[in-house]
Amino acid sequence: MNIILVWLVLFVVFLLVELVTAGALVSIWFCVGSLVAMATAYLGAPFWVQMTLFLVVSVGLLLGTKPFLKKHLDPKTITTNADRILKKRGIVEEEINNLKGSGAIKVDGKSWTARNIKGEVIIPVGAEVEVVAIEGVKAMVKMVEQDSNQIENRRS
């Protein structure tokens, strides 16, 4: 069988896989690699050159473009303004108790329901916390470690 025909068949197979996956960008890079290998076969290059170019072009395009395309074409990413409180500090307004499923904090002047990232540890009212994650509509927090100077300054 003619090697050019083999590369053409591979191109069609990779193209069909890409079309069936409905824009998931699964095999488009291998389509381009097949075309490059087919062109080198047409020019009379040995099979090892064709295969090397197929792999280099396919993997190079995959590694070079997939992260960029995923970032810009990912329809699942829904940006909200909730992430603006990440890594910010707040004050506990209602005791955070994961066992009871209760707790609230105030961050940036707004109240958020909160849970302790450390599990069963209770965080009392008035404690300073840092938001480490957002899960649904809850702020996941950890208690801020305070040295004795900060505690004394608050008492005065």
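The values are calculated or read from the model by the stated rules, or taken from the named source; none is laboratory data. Please read these numbers as outputs of a predicted model, since none were measured by experiment. Backbone-built Cβ (ideal geometry, glycine too); neighbour counts: all protein chains shown.
When the stretch 93-105 is examined, which residues are found to be under 15 Å from Val131 (Cα atoms) and either touching a residue at least 40 places away in the same chain (Cβ under 8 Å) or surrounded by fewer than 15 Cβ atoms within 10 Å (Cβ to Cβ) (or both)?
Ile96
Pick from the stretch 118-136 the residues that are more than 13 Å from Leu86 (Cα to Cα) and at pLDDT below 90: which of them is surrounded by the most Cβ atoms within 10 Å (Cβ to Cβ)?
Ile122
Go through Leu25, Leu86, Leu62 for me and flag whichever is surrounded by 12 or more Cβ atoms within 10 Å (Cβ to Cβ), out of contact with any Gly (no Cβ under 6 Å at 6 or more places or on another chain), in the same structural domain as Lys110 (by TED's automatic domain parsing) and at pLDDT below 90.
One residue alone meets the criteria, Leu86.
Which one of the conditions (1) touching a residue at least 24 places away in the same chain (Cβ under 8 Å); (2) of a type outside the set (A, V, I, L, M); (3) in contact with a Phe, Trp or Tyr (Cβ under 8 Å, 6 or more places away or on another chain) does Glu130 fail to meet, given that it meets all the rest?
Against the list (1) touching a residue at least 24 places away in the same chain (Cβ under 8 Å); (2) of a type outside the set (A, V, I, L, M); (3) in contact with a Phe, Trp or Tyr (Cβ under 8 Å, 6 or more places away or on another chain), Glu130 comes up short only on (3).
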